[in-house]
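For reference, the structure is listed below as structure tokens.
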Amino acid sequence: MNSFRLIQISDTHLSRARPHFVGNYEIAAQHVAGEKPDMVIHSGDIAVDAPTRPDDLVFAQEALNSLGVPCRTIAGNHDVGDNPGDNDYQPGQRINAPWISAFEAVFGPSQWQFEAAGWHILGINAQLFLSGLDEESAQMVWLEEALDRAGDKPVALFCHKPLLNKALDEETEVAFRYVPLACRPRLNALLQAANVRLFSCGHVHQSRDHVVDGIRHVWAPATAFTLPDAMQPRVGVKRCGLVHYAFTPGDVQVETVFPEAMQHHELTVIKDAYA
Ligand SMILES: [Fe+2]
Ligand SMILES: [Fe+2]
């Protein structure tokens, strides 16, 4: 295969019991049906609140199955709980082994890799960083081996949370937003030792596309909703949408699209979904 067309969707926040964001998902699904990509990757926050309502994952899997194209998924903090972060941040729902198992029972392993159009494409679980779980150290071993297997091939890594805002060694303004500072040096050493070209994420519900230290960082917009500036500092584009990738040997074209029909919900709607 000399070309590989991928659509990344992110942060769908789906739930049968709280269907507030299903309308935007259906618009994304129509978009996928029109584009007929080779694959869809969902970069996490598939569910509204899977730790307290496991059916959210089942409902989301039904929604992804209805796309009719192969899908790969990685876990978000609303799917498996969150990790401790910078500045002593402790999450209300801390990631644990049972929640990871529940996710994997529906969507398969938290880490995956495959080759397409001369690229090595990987997915990892961002919420394992600083978790202290056995799965955290196992994931780093897995990543080291996967990057070793990639050899000289260009690598695209999918991870729910962004690696950084502007620099690897920055003060972080939002403790739960990025890969924790303490974890970045080891992770970045692995990425820089391999031929990692792309670090694609979701989580922030803001869209960005920028290059730092030779790696292109693509932040996928959310499908579900954006947040007002008073609640969430603006660092990117606050619009709902999805990302197109066209991989060819040695190159990738990236385009973020914002379907006009997607709703940008009022904060009251978002709070009701999480009430
Ligand atoms: Fe999200
Ligand atoms: Fe998230």
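The values are calculated or read from the model by the stated rules, or taken from the named source; none is laboratory data. Since the structure is predicted, the reported quantities are computational estimates derived from the model, not experimental observations. Cβ: placed from backbone, ideal geometry, glycine included. Neighbour counts: every protein chain shown. For the accessible areas, the whole protein counts, side chains as well, though only heavy atoms, and no ligand, DNA or RNA atoms are used. Shrake-Rupley method; radii C 1.70, N 1.55, O 1.52, S 1.80 Å.
Taking the criterion of being out of contact with any Leu (no Cβ under 7 Å at 6 or more places or on another chain), closer than 25 Å to Pro162 by Cα and part of a loop (DSSP other than H, G, I, E, B), the residues of region 9-42 that qualify are Ser10, Asp11, Thr12, His13, Ser15.
Residues in region 1-21 that are more than 16 Å from ligand 1 (Cβ to nearest atom), more than 11 Å from Ala60 (Cβ to Cβ) and at pLDDT 95 or above: 7 in all. Total residues in region 65-124 satisfying the condition of being more than 16 Å from ligand 1 (Cβ to nearest atom), among the polar types (S, T, N, Q) and either over 21 Å from Thr172 (Cα atoms) or surrounded by 20 or more Cβ atoms within 10 Å (Cβ to Cβ) (or both): the figure is 7.
From the list Glu260, Glu255, Glu266, the one residue that fits, being open to solvent by 20 Å² or more (accessible area, probe 1.4 Å), among the charged types (D, E, K, R) and either at pLDDT below 95 or touching a helix residue (DSSP H, G or I) at 6+ places or on another chain (Cβ under 7 Å) (or both), is Glu266. On the stretch given as region 57-113, residues that are within 20 Å of Ser137 (Cβ to Cβ) and of a type in the set (Val, Ile, Thr) total 4. Those residues that are in a helix (DSSP H, G or I) and either aromatic (Phe, Trp, Tyr) or surrounded by fewer than 16 Cβ atoms within 10 Å (Cβ to Cβ) (or both), I need them from region 161-210; list them, please. Listed by number, the residues that qualify are Ala182, Pro185, Arg186, Ala189, Gln192, Ala193. Given Asp49, Asp45, which one is modelled with pLDDT of 95 or more, open to solvent by 20 Å² or more (accessible area, probe 1.4 Å), within 14 Å of ligand 1 (Cβ to nearest atom) and not in a strand (DSSP E or B)? The match here is Asp49. Apart from one condition, Asp86 fits all of (1) in a loop (DSSP other than H, G, I, E, B); (2) at pLDDT 95 or above; (3) of a type outside the set (Val, Ile, Thr); the exception is (2).
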